[in-house]
Amino acid sequence: MYKRFLKNIFSLNLGQLFFIGLLSLTACKDEPARLSGGVLPDGEVIRGLNEYIELGSRNVMREAVRTNDADYGLLGIFNDSVFGRTEADFVTDFSTGDLANYSVIIVTGDSIHEVDTVQFYKFNNNKPEYDDIWKVDSVVLKLQYQFNDWYGDMLERQHLMVYELNAPLGSNYTPRYSNEEVDYNPNFIGDKIVYPNDDVPDSMRVASKWTPGGLWEYPDSLLNYPQYLWDMDKYQASRDSNWIDSDFTDHTTKTKYWNIKLNDEVADRIFNIDSASIMSTADFLNIFPGVYVTTDKTIQSEGNLTRINLLGTSSSLASHLAIHFSREYKYFNRDTVLTDTLVNYTYEFPVNVENVRFNRFKHEIDDRIDTASTSQGNMYVQGMAGLYSKFIIPDEISAWADSLTLNEDYKLEGEPYRTTANIEFFLEVDTISNVPWNSGGIQRYQLPTSLEIMMKDKDGEFVTPTYSLEVNNTTVSGFIFGVTGSTGSRTGNGERVSRQVDDGNGGYRTEYLYRFIMNADYFNYLMRELDERRFENDWDLDDEEFINEFHKLFNTEYFIGPNSSTYNFRRVKLFSGAHSEKPFRMNIKYYHYVPR
């Protein structure tokens, strides 16, 4: 299955060596890994070459991922005709908010002198001796989300349902997973029909003479909406939409809330809690343990997923629980006439970092997705504990050990040296079949902006691949994929790159690929270490003992998935190493020289 070919990039003599150094320091400024060849020994000939190696991979489905301490709650059902069905919902509890402190003047008689100032620290302050009436209006669950934080059909309805938990969740330090069962009362306490994007103005959402495809032509956000279209639509947008700031500063978009009124029993229970329970989150959770927010599972249409903001900031709330109540009372106006009046209050229970909050996901992958073979033509990458692609560094890389050595004792006289300068991994997007059969194109179902290569730790959790090596009695650590340099840190992230190609009909189409960089210093060190062991044990390159030693050093299974995989609902279909035209491949760029 594997193929190799070499491409001679350049051939230089010793007199041009100084020029190479200058070129490396300028042209490779944004590629720290390309400088990893270090200072080369004096040599007769230097050549830069490429070696391409096609990589095998397998699609794997994760059983569960840890989702506690979630910044976002994922909500909805999405029937994806490429990947299959995805369901998402979440659980959270609430904290008590600011001190409930209501300082009021009570009229105790018919005289202006018969008044009393009273301090209350709860919501229901009805007392027989006072001519005041405190009433609860409602308790509302407010779920906040932002423009374009959805995936699927933005105009399709979802039936949200809110259930109360049967008992407090306990510590927020307890691990929670995406397949965790939830203990809740099966009678929902609130529900609402919602649409992710019912407030985007028609001038931006539907076809017009300026945007024949409507908003789908510019789906990333209103920030990408072309200026001339923005100006044309500005007036209409300000009238039609509460998404957009009225002054249009920097094309800023607002957040929005789904407000779900909870039933009267919950409202009465929270209204009647005592002052001690309002001051203590633990006591409050014994009265109202939290909510499980989900959607009607009977939906069979395309559907959608929406990302809910759970955590706010020190100055603003995100999703929260709010109780609305009022006080009817009498007071003396400026003419000393006893007058009836009413005042409304709102008290908010926020979701804070100390609250328990986690997501639940369920995937039913499409029958056409092969999770058993390493020779399938496509790789599938999906967040939310969905599909990942697994690969390992292939055995044939072990042959590099004999040519990366710096040991003159067993280097054949006149044999050329190698040292790697850059190691890249390329994954081509299956642009055509990546799009759902019944949808409006790749712009509507956006690709992840980047992917990430991960490994499993001892607990089976995905982590960023790192290494720790002993070099000259010094521990050297770093990232296996990506290095830290003047341009910042690439910790396993694969950047998405686009290119224009001839579509065969006189036009062009956009194709995409993801590109990763492996730390060349790490690769060089392990290969030289491997060759040292080969020399010490007198192994040949094809000896079983040597291959086993290679696997001890390169024993990691790597997994390709989206960034922020627990709340990233974008997905992508890629070509695998078995694809005949655009295989998943490893490209080793190296120097080739003969020492003097």
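The values are calculated or read from the model by the stated rules, or taken from the named source; none is laboratory data. Treat the numbers as computed from the prediction; the structure is a model and nothing was measured. Neighbour counts are summed over all protein chains in view; Cβ atoms, including those assigned to glycine, are modelled from backbone coordinates with ideal geometry. Surface accessibility is based on the protein's heavy atoms, side chains included, excluding ligands, DNA and RNA. Shrake-Rupley method; radii C 1.70, N 1.55, O 1.52, S 1.80 Å.
The stretch between LYS390 and LYS362 holds 8.0 nm of extra length on full extension. This uses 0.36 nm per residue minus the Cα-Cα distance.
A simple count of charges around ILE77, restricted to other residues whose Cβ falls under 12 Å of its Cβ and scoring Lys, Arg +1 and Asp, Glu -1, yields -4. A Förster radius of 35 Å combined with the Cβ-Cβ distance from ARG515 to LEU553 puts the calculated FRET efficiency at roughly 0.90. Solvent-accessible area of the stretch 508-596 (1.4 angstrom probe, protein heavy atoms only): carbon and sulfur portion equals 39 percent.
Our estimate of slack between VAL343 and SER280, defined as 0.36 nm per intervening residue step minus the Cα-Cα distance, is 20.1 nm. Here each label is just a point 7 Å from Cα along the line to Cβ, and for SER326 and GLU581 those points are 6.9 nm apart. Using R0 = 41 Å, the C-beta based FRET efficiency linking GLU470 and VAL353 works out to 0.60.
Placing a pseudo-label 7 Å from each Cα along the Cα-to-Cβ vector at ASP335 and GLU265 gives an inter-label distance of 4.9 nm. Accessible surface calculations at 1.4 Å, restricted to protein heavy atoms, place the stretch 95-160 at 48 Å² per residue.
Taking each residue as 0.36 nm, the span from ASP137 to SER373 lengthens on full extension beyond its C-alpha to C-alpha distance by 79.0 nm. Charge tally for TYR329 (other residues, Cβ to Cβ under 9 Å; Lys, Arg +1; Asp, Glu -1): -2. Given R0 = 41 Å, the distance between the Cβ atoms of THR117 and GLU180 translates into a calculated FRET efficiency of 0.25. Computed from label points 7 Å out along Cα-Cβ, the spacing between ILE105 and ASN126 is 2.5 nm. In the context of the full protein assembly, MET154 retains an accessible surface of approximately 10 Å², using a probe radius of 1.4 Å and ignoring ligands and nucleic acids.
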